[in-house]
Each structure stands twice: as structure tokens, then as C-alpha cells.
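Below is one structure, written out as C-alpha cells; comments come after it.
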2 protein chains.
Amino acid sequence: MADKWSLLVIALLDRHTMRFSELRRAIDGVSQRMLTVTLRHLERDGIISRTVYPVVPPRVDYELTPLGMSLHQVIKSLVTWTEEHQQEIAAAHAAYDERVAREEPELVSPRRG
Amino acid sequence: MADKWSLLVIALLDRHTMRFSELRRAIDGVSQRMLTVTLRHLERDGIISRTVYPVVPPRVDYELTPLGMSLHQVIKSLVTWTEEHQQEIAAAHAAYDERVAREEPELVSPRRG
DNA sequence: CCGAATCCTAACGGATACTG
DNA sequence: CAGTATCCGTTAGGATTCGG
């Protein structure tokens, strides 16, 4: 449950219960299929609970379980770490890519050392 | 860098510097290719550093950078959470699977409700 | 010993159409 | 509205081979 959709679902449900279509609208770019798959996985892991109201039109609410809430605390520290260090990471990327760019050319054109 | 190989590499390197083949032996089931790919990603993200000793046979050491060490602290809380709650999760799996098993049959054999 | 490159298969994930 | 089922392109990742 460490994929990106799960993280977003957990973050959103921490604030309040949400319906399927609310989640779909709130999570930009998620397909209906992936949201369904994600919600099933989280439900199976006991992170969220699913409540079906036998009304028409159908209504299904999702909410974090106590287990899910405790997981959210842990996840937040990961998110915080990422936010705090993303500049360092970007700098590391730039440094790494430049290093590679300086070393590659020798191999593709070794004509006359 | 949240995949399972990366997590294991970070956990191992937290104790001490390791060579490529040491990591390969220590991480059960990792292919040479995936270990290489994983190490490159971690290096690019600035999580580990790579030191090549120009000797024969070649020797390459990997170690955690300060950034990597700080990440490890965060990861540990995730690992700890997983260990502490894996029984709850297993129970949730069993409960979910049983629920599904009780509901599915109606659909495949609805003969004579 | 360390790693790059190639090949190939399985899983992931989007788009679409259909159901209750 | 809230799914399920199907098709299908993309990618992850193992096995293998070659190079420094």
C-alpha cells in the first residue's frame, strides 16, 4: 500500500469520510479502475472501511479505520522528510547527471585519445 | 526510492559500508540487474555514495550519505509500524477474504434462490 | 569483481463499454 | 452513482551474455 494513489487516498480520508466520486474528483489523474483497485487493497489491509448505503442512486462512503489513522501518522513523517529534502535531492540529481554526461562521451567517440 | 530493494539496501548500509557482492549476497533474491539499477537510483538521489577503487579485481564500496542516514530514520518508523501491525493486517486480510468468499457464490450459482 | 546491454515475459495501468 | 469486465499499450524485472 505504498503506491502513490494509496498515499493520496489516506491523506484525503484523514480529514473526513468521502464518497467514491469525491475521491475521484479530488485525486487528479486517477482512473476509475485504479481508484477502485486502490480502495479494495486498502480495505483488504484494514486501512479503510467501506460503507454501502442501499439507496438509489447508490452511495458508498470510505473512511479511515483506527489502523489507517495510525498509518497516516507514519506516512506524514515520510512526506515531511521528502518536502524538507527535495532540494537536496534535486541537487544530487543535477550533480549525478552532470557526472554521467562528462564520462559518457569518451566511450562513444574514442577516436584518437 | 520506496521500492523494496531500496529499503533493504538502506537498512543494510546503515550498519556499515558494503561492497556490491556483499549486498548481493545479503539481499536474498535480488538479481544482479536490479541491484545495479537500485544502487544507481539511490546514488542519483544522493542517498548513497559509490567509491571505485582502481584495483584488480575491481572493488566498489557503497555507503550511506548524511541524506541517506536521515532518510533511514524515517524509514525505520515505517518498518516498525509494519512489524507492530502485521498481525492486524493479516487479520484484516482473512476477514476481507472470507467476506468476499461468502458473497461471490450467489453470483455464480443463483439457481433457485 | 562490477556492471552494461539485450531479450523476453508478466504485471501495471489507462480507455472504454456495460451492469445494478 | 459505483462499480465490473475487457482490451491493449507500457513498463518492470529476471536470465543471459559480453566488457573493463
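The values are calculated or read from the model by the stated rules, or taken from the named source; none is laboratory data. As the structure is a computational prediction, the values presented were derived from the model and not from experiment. Neighbour counts run over all protein chains shown; Cβ positions are idealised from the backbone, glycine included.
As for region B:93-113, it holds no residue that is exposed (fewer than 11 other Cβ atoms within 10 Å of the Cβ) and under 26 Å from residue A:79 (Cα atoms). Could we say that residue A:52 is at pLDDT 95 or above, surrounded by fewer than 10 Cβ atoms within 10 Å (Cβ to Cβ) and away from chain B (no Cβ under 11 Å) here? Considered against the rule, which asks whether it is at pLDDT 95 or above, surrounded by fewer than 10 Cβ atoms within 10 Å (Cβ to Cβ) and away from chain B (no Cβ under 11 Å), residue A:52 comes out as yes. Of all residues in region A:9-27, none satisfies the criterion of being within 14 Å of chain B (Cβ to nearest Cβ) and either within 14 Å of DNA strand C (Cβ to nearest atom) or surrounded by fewer than 15 Cβ atoms within 10 Å (Cβ to Cβ) (or both). Among the criteria (1) buried (at least 16 other Cβ atoms within 10 Å of the Cβ); (2) part of a helix (DSSP H, G or I); (3) more than 11 Å from DNA strand D (Cβ to nearest atom), the one residue B:62 does not fulfil is (2). Looking across region A:17-59, the residues that are in a helix (DSSP H, G or I) and among the small types (Gly, Ala, Ser) come down to A:21, A:26.
Could you tell me which numbered condition residue B:40 fails, if it satisfies all but one of (1) modelled with pLDDT under 95; (2) within 16 Å of DNA strand D (Cβ to nearest atom)? Residue B:40 satisfies every listed condition except (1). The lone criterion from (1) facing chain B (nearest Cβ under 8 Å); (2) within 19 Å of residue B:45 (Cβ to Cβ) left unmet by residue A:70 is number (2). Take residue A:46 and tell me if it is more than 10 Å from DNA strand C (Cβ to nearest atom), buried (at least 18 other Cβ atoms within 10 Å of the Cβ) and under 15 Å from the mean Cα position of the chain (by Cα). Spelling it out, it is not the case that residue A:46 is more than 10 Å from DNA strand C (Cβ to nearest atom), buried (at least 18 other Cβ atoms within 10 Å of the Cβ) and under 15 Å from the mean Cα position of the chain (by Cα). Residues considered: B:74, B:37, B:55, B:79. Of these, the only one that is out of contact with any strand residue (DSSP E or B) (no Cβ under 6 Å at 6 or more places or on another chain), closer than 30 Å to residue A:72 by Cα and within 10 Å of DNA strand C (Cβ to nearest atom) is B:37. Cβ-Cβ distances below 7 Å connect the following pairs, each with a first residue in region B:72-83 that is more than 13 Å from residue A:71 (Cβ to Cβ), a second residue that is surrounded by 14 or more Cβ atoms within 10 Å (Cβ to Cβ), and a separation of six or more residues or different chains: B:72/B:10; B:72/B:14; B:72/B:64; B:74/A:77; B:74/A:78; B:74/A:81; B:75/B:7; B:75/B:10. Considering only residues of region B:56-83 that are at pLDDT below 95 and of a type in the set (A, V, I, L, M), which is farthest from residue A:93 (Cα to Cα)? For region B:56-83, the residue satisfying everything is B:56.
Count of region A:1-14 residues, restricted to those that are part of a loop (DSSP other than H, G, I, E, B) and at pLDDT 95 or above, is 1.
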